[in-house]
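Student: Pasting in a structure now, in structure tokens, and then I'll have a few things to ask.
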Amino acid sequence: MFEQVAAEIRRAILDGEAKPGDRLPPAKDLAAELGVNTNTVLRSLRLLRDEGLLEFRRGRGVTVAGTPERTIVLERARELIEVARRHGYRREELLRMIEGMP
């Protein structure tokens with residue numbers, strides 16, 4: 001169920017209904033609107049935060065951080081970091097490699 005809620009929020013971001021910087025309603029309100037448990041919404045929000053679509057800010061709530069395109073770039077960056085770690089590269093070395101690219 002939480003994946004369906006996350007998909008709804010993703011769609012809203014993709015369609016431009018929620019733009020970067022926009023604040024989402026509280027989880028309790030979203031849960032009531034979607035007819036699901038608040039914990040389901042919270043789990044969805046955490047998933048979208050991990051994907052780079054949302055930001056949690058103390059005292060400011062949950063805001064839209066980016067777009068699905070940004071999420072794809074973040075996923076690829078995580079994959080690159082994992083490959084580099086498996087091959088013994090440290091973060092600093094990887095950053096130097098990236099910065100040296102044309």
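Student: Sum up the charges of everything whose Cβ sits under 12 Å from the Cβ of Asp50, counting Lys and Arg as +1 and Asp and Glu as -1, but leave Asp50 out.
Tutor: So the surrounding residues net to +1.
Student: What's the angle, to the nearest 10 degrees (0 to 90), between helix 68-86's Cα axis and the longest principal axis of the chain?
Tutor: Taking the Cα atoms of the chain, the angle to 68-86 is about 40 degrees.
Student: Oh, and also: With labels modelled as points extended 7 Å from the Cα through the Cβ direction, what inter-label distance (nm, one decimal) is found for Asn39 paired with Glu75?
Tutor: Result: 2.8 nm between the two label points.
Student: Size of the dipole of region 2-64 about the Cα centre, Lys and Arg at +1 and Asp and Glu at -1 on the beta carbon, nothing else charged, in debye to 20?
Tutor: Approximately 320 debye in magnitude.
Student: Could you give the angle, 0 to 90 degrees to the nearest 10, between helix 38-50's Cα long axis and the longest principal axis of the Cα atoms of the chain?
Tutor: 20
Student: Using the Karplus equation 6.51 cos²θ - 1.76 cosθ + 1.60 (θ = phi - 60°), what ³J(HN,Hα) coupling, rounded to whole Hz, does each residue of region 7-16 give in order, writing x for Gly and Pro?
Tutor: Coupling constants for region 7-16: 5, 4, 5, 4, 4, 4, 5, 4, 7, x Hz.
Student: For an R0 of 35 angstrom, estimate the FRET efficiency from the Cβ-Cβ distance between Arg96 and Glu55 and round to the nearest 0.05.
Tutor: 0.80
Student: Let me ask something else about it. Quick check: convex hull over the Cα atoms of the chain, volume per residue in Å³, rounded to an integer?
Tutor: 131
Bear in mind that the values in this text are calculations on the coordinates, not laboratory data. The model shown is predicted, which means the values in this text are computed figures rather than measured ones. All Cβ positions, even for glycine, are placed from backbone atoms using ideal geometry, and neighbour counts span all protein chains on display.
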